[in-house]
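Engineer: Got a structure for you, written out below as structure tokens; questions coming shortly.
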Amino acid sequence: MPEGWKPYTDKQGQYLAFIYLYTKLHRQAPTELDMQNYFAVTPPSVHQMVLTLHANGFIDRIPRQARSIRLLLPKEALPQLD
């Protein structure tokens, strides 16, 4: 893997880092509302990001089930949360 390469955009990395830290702190995955509040974005923006992260293989989730997001990347592959 080339130096500095990452398989996700900066914005996607922030969502992935948030999912990791939220899950670690709260012992459950965040809801889309939790992400909406943290990133100060609209519900459709969060939902589209979740769908994109899932489609790219960064997370697993069960559609229409709250708190079902699970990271598929190791914590070493995640950026620092801004």
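The values are calculated or read from the model by the stated rules, or taken from the named source; none is laboratory data. Note that the structure is a prediction, hence the values are computed from the model and not measured. Glycine also receives a Cβ, built like all others from the backbone with ideal geometry; neighbour counts cover every protein chain displayed. All accessible areas refer to the heavy atoms of the entire protein, side chains included, with ligands and DNA or RNA removed. Shrake-Rupley method; radii C 1.70, N 1.55, O 1.52, S 1.80 Å.
Engineer: Give me, ordered by chain and number, the residues 5 or more places off Ile59 or on other chains with an amide H under 5 Å from its own placed amide H.
Structural biologist: Amide H neighbours of Ile59: His54, Leu72.
Engineer: Between Ser45 and Glu76, what's the calculated FRET efficiency when r is the beta-carbon distance and R0 is 35 Å? Round to 0.05.
Structural biologist: Plugging the Cβ-Cβ distance into 1/(1 + (r/R0)^6) gives 0.80.
Engineer: Still on this structure, I have one more. In nm², what is the average projected area of the convex hull enclosing the Cα atoms of the chain?
Structural biologist: Averaging across all directions leaves 5.4 nm² for the Cα convex hull.
Engineer: Then there is this: So, taking all protein chains as they sit and a 1.4 Å probe, how much accessible area belongs to Tyr20, in Å² rounded to tens?
Structural biologist: 60 Å²
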